[in-house]
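Scroll down for the structure; my scribbles are underneath it.
What follows is calculated from the coordinates using simple rules that are stated; it is not laboratory data. This structure is a prediction, so every number in the text was calculated from the model and none was measured. Ideal geometry is used to build each Cβ from the backbone, glycine not excepted, and the neighbour counts take in all protein chains shown.
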Amino acid sequence: MVVTHTWWSGGQISRRGLLVTGAFAAGAGLLGEPASAAARATTPARALAAAGRSRPAVLRARPTTVSLGEHTVSTWTYNGLLPGPMISATAGGVVRAPLVNELPEATTVHWHGIQIAHRMDGAPGYSQTATPSGGRFDYAFRVPDPGTYFYHSHVGTQADRGLYGPLVVHDPREPLSYDVEFTVVLDDWLDGILGTPDEVLRELNASTEHDDTLRSPALGGVTGEVRHPLYLINGGTPETPATFTARPGRRARFRVINAAADTAFRFALGGHRMTVTHADGFAVEPVTVDTFLIGMGERYDFLVRLEDGVFPMVALAEGKGARAFALVRAGRGTAPRTDVQLAQFNGKALAYRDLRARRDDLLPRPERTILVELGMRASGNEWTLNNRLASDPYRLRVDRGETVRVVLDNRSPMWHPMHLHGHTFQVHVPGGRGPRKDTVNVLPRERVEIDVQAVNPGEWMFHCHNLYHQEQGMMGTLGYGRPPRHTQAHTGHH
Ligand SMILES: [Cu+2]
């Protein structure tokens, strides 16, 4: 089956609803409805009752032939779609998304950013045994918080194939007003062009050097491990771009997800400034910027009032000299060239210190501090947390109910987007009220402090969201109380 991104290119919820079997709550955020927040407004009680009627969104992980501009590649996707199907739910509701594994190897689905019940986390060796080829796993979980999330395989390098998709949790009391919303999934692509991700990992493991031409001052040095041949927005290439269509003057919410394995993107929308409203799903005090840098695993939501015309959406692959490209059609006009230069990239760039959490989202003061050193071994291809690899993982021990400050001290020569499962943390910024996030970029020679409230017992992965660093050892755990007896190391090649 050949899949293009066409089904997605409408981008609007109403268009997607034709194809998607989202686990949505009737009457609250129905996929076929207009996306105005007012239309979705409902009481929490009603949303909860409605959630009980959600129907399952079956995810079939399977080999797929995908058309990417001039390339036709064999890869793995969910349901033959790239990205996988939109899963939409209402906060407080339940997502039912059974996985059917039609791949030739075991797999899991991780629900990135969701404060989820531990056994549904899709963490092989920690929350479940990976589902074997031909097997099935019935994912069903409550989604406590509204926001922009995504799901992806958490086995080996599978997420650097096409095994990812968006997960949007609507707020039954959405405070923002907008007319239309779009989901924007960024990815770096190599599968079927440079080889498989497993082959690329083997090459990286055989080398002790990094590609010094992939550099970014904003990321403090070498920006990634691989120069990808393609960068995608919703599966579209610059030559076959995804297109987001709406009427001029409409207020649009964009939900941007970086699902890439190894690429930070510098994002801008031609002709517009963006008012950022959410970071990693959580609301922040709105801040208007021209551009933002988004690491792997991060999400930003922003609002714009659409101007009249056809506008380029550009996501520069940071330090890699290439871009992802899409179109926003709001009115008439000809499409801009794919190499158009955007003034926005010279304008105001979002920084973490610009992000302020809502008062309701503040965590208690931490009671103690734990230091986690991010390191690189002399081999140059092993990445560590407190000098330990995933095969013998560093365990960050917490007790239920406490809040701890975790100091991420990057002594390695590369930046790392550190991601914690099962929790959101609060990034410590001077003056307090830093954003709630689940993924935070830590630059070389930088110390980032995050506060974690231990409210969700389990053994949780804590790892770099550069997939290649994760597979080269950069994975520890956050666990409650004494370590369980049967915790097993499960990943990495060491
Ligand atoms: Cu890393």
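More than 45 Å apart: what percent of Cα pairs in the chain qualify?
Summing the P(r) tail past 45 Å for the chain gives 5 percent.
Do any chymotrypsin sites (Phe, Trp or Tyr not before Pro) in region 57-152 lie in a DSSP loop with no more than 16 other beta carbon atoms within 10 Å, and if so, which?
Within region 57-152, no chymotrypsin sites (Phe, Trp or Tyr not before Pro) qualify (loop, at most 16 other Cβ atoms within 10 Å).
By the scheme Lys and Arg +1, Asp and Glu -1, what is the net charge of all other residues having a beta-carbon under 13 Å from that of Val427?
-1
Counting each DSSP H run of 4 or more residues in the chain as -39500 (n - 2.57), what helix-only mean residue ellipticity at 222 nm follows after dividing by all residues, to the nearest 500 deg cm²/dmol?
Only helices count here, giving -1500 deg cm²/dmol.
Roughly how many whole Å is it from the C-alpha centroid of region 170-212 to that of region 368-418?
23
With the radius of gyration and the Kirkwood radius both derived from the Cα set of region 359-480, what is their ratio Rg to Rh?
Checking Rg against Rh, the ratio lands at 0.95.
Just subtract the alpha-carbon distance of Glu102 and Thr369 from 0.36 nm times their residue separation and send over the number in nm, one decimal.
91.7 nm
Report, as a whole number in µm² per second, the diffusion coefficient that Stokes-Einstein gives for region 182-354 at 10 °C and 1.306 mPa s using the Kirkwood radius over alpha carbon pairs.
Rounded, D is 95 µm²/s.
Any idea how far the Cα center of region 96-113 sits from the one of region 56-71, in Å?
14
Out of all DSSP beta bridges in the chain, what portion is antiparallel? Express it as a percent rounded to 5.
75
I want the local charge near His469. Using Cβ-Cβ distances under 13 Å, sum +1 for each Lys or Arg and -1 for each Asp or Glu among the other residues.
-4
How large is ³J(HN,Hα) for each residue in region 108-121, as worked out from phi by the Karplus curve 6.51 cos²θ - 1.76 cosθ + 1.60 (θ = phi - 60°), to whole Hz, x for Gly and Pro?
Per residue, the Karplus-derived 3J(HN,Hα) values read 9, 10, 9, 9, 5, x, 6, 7, 9, 5, 3, 5, 9, 6 Hz.
HN-Hα J couplings of region 440-448 from phi, Karplus 6.51/-1.76/1.60, θ = phi - 60°, integer Hz, Gly and Pro as x?
9, 7, 10, 7, x, 6, 9, 10, 10
FRET efficiency for Arg359 and Ala117, Cβ-Cβ distance as r, R0 = 35 Å, nearest 0.05?
FRET efficiency, Arg359 to Ala117: 0.80.
Determine the sum of side-chain charges near Pro63: Lys and Arg each +1, Asp and Glu each -1, restricted to other residues whose C-beta is under 10 angstrom from that of Pro63.
That works out to +1.
Of all DSSP beta bridges located in region 359-480, what percent are antiparallel, nearest 5?
The answer is about 70 percent antiparallel.
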